[in-house]
1. Just to be sure before I move on: is T48 in contact (Cβ under 8 Å) with a residue 12 or more places away in the chain and β-branched (V, I, T) in the structure I sent?
2. Return only the number of the condition from (1) more than 30 Å from I81 (Cα to Cα); (2) assigned to a helix (DSSP H, G or I) that Q11 does not satisfy.
3. Identify all residues within the stretch 38-77 that are touching a helix residue (DSSP H, G or I) at 6+ places or on another chain (Cβ under 9 Å) and not in a helix (DSSP H, G or I); write none if there are none.
4. In the stretch 63-79, how many are more than 19 Å from L24 (Cα to Cα) and surrounded by 11 or more Cβ atoms within 10 Å (Cβ to Cβ)?
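Read-outs throughout are calculated quantities, based only on the coordinates presented, and are distinct from any laboratory measurement. Model, not experiment: these values are computed from the prediction. Cβ coordinates were reconstructed from backbone atoms using ideal geometry, including for glycine residues, and neighbour counts include every protein chain displayed.
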Amino acid sequence: MTPESIMALGQHALYVAMLVAAPLLLTALAVGLLIGVIQAATQINEMTLSFIPKLIAMALVALITGPWMLRTLVQFTHQLISGLPGMAR
C-alpha cells in the first residue's frame, strides 16, 4: 500500500461519514434555528424546549433516510473489503 492509496481511502471514509451524518445534523440545525427564532420572538428562554422537537424531527429523519444511510455504509464496507486483496500487495 502506498501512502497515496491510504490517504485516498481515508478521504473516502471521511466523505462517506460526512454524507451519512449530514441529514441528521442538518435536521438538528434547522429545528434548532426554528425553535431559537420562536423563543426569541416570544421571549421564552427555556433551554429544554428545543430538545423534544429536535428529538422528534431527528427520529423522523432517521426513519426516512435510514435505509439510504445503511445502503451507503454497506456499499462502502463492501468496496473496502473487496479491495483488501489488492491493497495487500
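1. Details: in contact (Cβ under 8 Å) with a residue 12 or more places away in the chain: no; β-branched (V, I, T): yes.
When the stated conditions are applied, T48 does not pass them.
2. Answer for Q11: the failing condition is (1).
3. I44, N45, E46
4. So in the stretch 63-79, the residues more than 19 Å from L24 (Cα to Cα) come out as 75-79.
Add one more test, that the residue is surrounded by 11 or more Cβ atoms within 10 Å (Cβ to Cβ), and what stays is 75-77, 79.
Result for the stretch 63-79: 4.
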